[in-house]
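See structure below.
Please treat every number below as a calculation from the coordinates, not as lab data. Source: prediction; values computed, not measured. Note that each Cβ is placed from the backbone with ideal geometry, even for glycine, and that neighbours are counted across all protein chains shown.
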Amino acid sequence: MNYHLVCHHSTPYIHCQPGWQLTNEQSAVDLLAICAENATSRILIAASNLPESFYDLRTGLAGAILGRFSIYRVRAAFHVPSERLTSGRFSEMAWELNRADEIHISDKVEILQKWLVQDGSGDSD
């Protein structure tokens, strides 16, 4: 997996790079291991890392992946195309997840980066 460790003051996070996709629950476990190896509990996943099946909630892929991050209390930010946030079940799920502090989904990388380095007190865009 291609990734970059971003050191933002005292809050490092993993930024996934293009070249691979989060295709199954094991991929999420592999990302959790990368977080542990780099002593961080925060990760930014790029849109290019998400397969089409991630957006189709009927496949269960999004639920399995999000569940893994939640169980291990990893703050995960997902950069998704803007059209995914405007209609359908995925957009409803994203809206609900963004109300909490563990998972954030946005079409703007800057918002996700800012959210990742916040303290988790509920201050998200």
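Which distance in nm do the two modelled labels at His4 and Leu57 give, with both placed 7 Å along the Cα-to-Cβ direction? Rounded to a tenth, the inter-label distance reads 3.3 nm. With neighbour counts taken as other beta-carbon atoms within 10 Å, the residues Trp115, Trp95 rank, fewest first, as Trp95, Trp115.
Legend: ranking of residues Lys114, Lys108 from fewest to most surrounding C-beta atoms inside 10 Å; resulting order Lys108, Lys114.
Note on the stretch 63-105: Rg/Rh from C-alpha atoms, Kirkwood Rh, equals 0.96.
Given contacts defined as C-alpha pairs under 8 Å and at least six residues apart, what's the relative contact order of the chain, whole-number percent? Computed over the chain, the figure is 22 percent.
Over all directions, average the projected area of the Cα convex hull of the chain and note it in nm².
Mean orientational projected area (the chain, Cα hull): 6.8 nm².
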